[in-house]
Every structure is written in C-alpha cells, then in structure tokens.
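Below: one structure, written as structure tokens.
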Amino acid sequence: FHRAFTVQVHRFYWGLRYFGTDLQMIHQMLFANRTRAEVRRKLKVEQRRRPWLVEHALTNRQEILAEEGLNVDDVRGDAAPEQASLGTGWSLEGGVVGVSGDLSDRAHPLNRRPPITYEYVRESLERAKNRLEKSQESA
C-alpha cells in the first residue's frame, strides 16, 4: 500500500464497511496480492491519518447479502440459484460469496469512493472544532 492508488484506498474502505476489522477477510476477498501484514499496516496508517473515515466505515457497516434484499437463509436454501447477483461487485457461485468481475478494472463497483453522508462530515467537523477550542482554552 506504499503510495497506493486511489482505487486501492477506496477498496480498503469498502472492505472495512463489509468486513469490519476482520483483516483476514479483507485480505482474502479484496487484496489477495498483498500480505495480511500489509493490510494490517494499512489499517494502522489510516487510523492515524484519517480516523474519521475509519470510524465512518466501521459504524456504517453493510451486509453483502442485505443490499439486494436477500436473506442468508434464502441463499443457503435448496431454492438458491447456482449463480445469483448480489450487486456492488459481489456474486454467489455454488453457495460461496465472492468478488465478481475484475478488481483491476477502475470501473469495478468496489473501486469507487464509498459514500459518506453530509451529516457525518458536518458532525465530524463540529467535534474537531470543539476539541480545538477546548485545547486552546486550556493552553
């Protein structure tokens, strides 16, 4: 991730949204060409550089199956098709969820910027402003 491309950073934040801090899953599903240590190092770097984005990704988790209104039981049942599209770059083949398409394609859904709401940005700026004012008052 040294001098990582923007799409890899976006993919990392999608991984946090889907898998939380389960770095093994992020590594296996999204960064098979990287080591698990590199993924762990990237998390630590992002927690120092952009803690608000890490917090946002972890507090606004998404379920892979819930996006299209699918139920996990429906997918695991006998009525589940061999291939079902889960949207946002995920697919289900043979009962196993995986990444669909080519992650090296810049247009892949997992390479686009994760959504961040305006309200969250406003609240984060307010918290930062309050912390700055308190630190200046105590100095």
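Only the coordinates and a few stated rules stand behind these numbers; no lab work does. These numbers were taken from a predicted model, which means no experiment stands behind them. Glycine also receives a Cβ, built like all others from the backbone with ideal geometry; neighbour counts cover every protein chain displayed.
Quick look at the values:
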{"quantity": "Highest-first arrangement of 120-131, 17-28, where packing means the average Cβ count within 10 Å", "calculated": "17-28, 120-131"}
{"quantity": "Cut-off under 5 Å, modelled amide H: who pairs with Gln62 long-range", "calculated": "Tyr18"}
{"quantity": "Rounded to whole Hz, the Karplus (6.51, -1.76, 1.60) HN-Hα couplings of region 23-35, x for glycine and proline", "calculated": "5, 5, 5, 4, 4, 5, 7, 10, 9, 5, 7, 10, 8"}
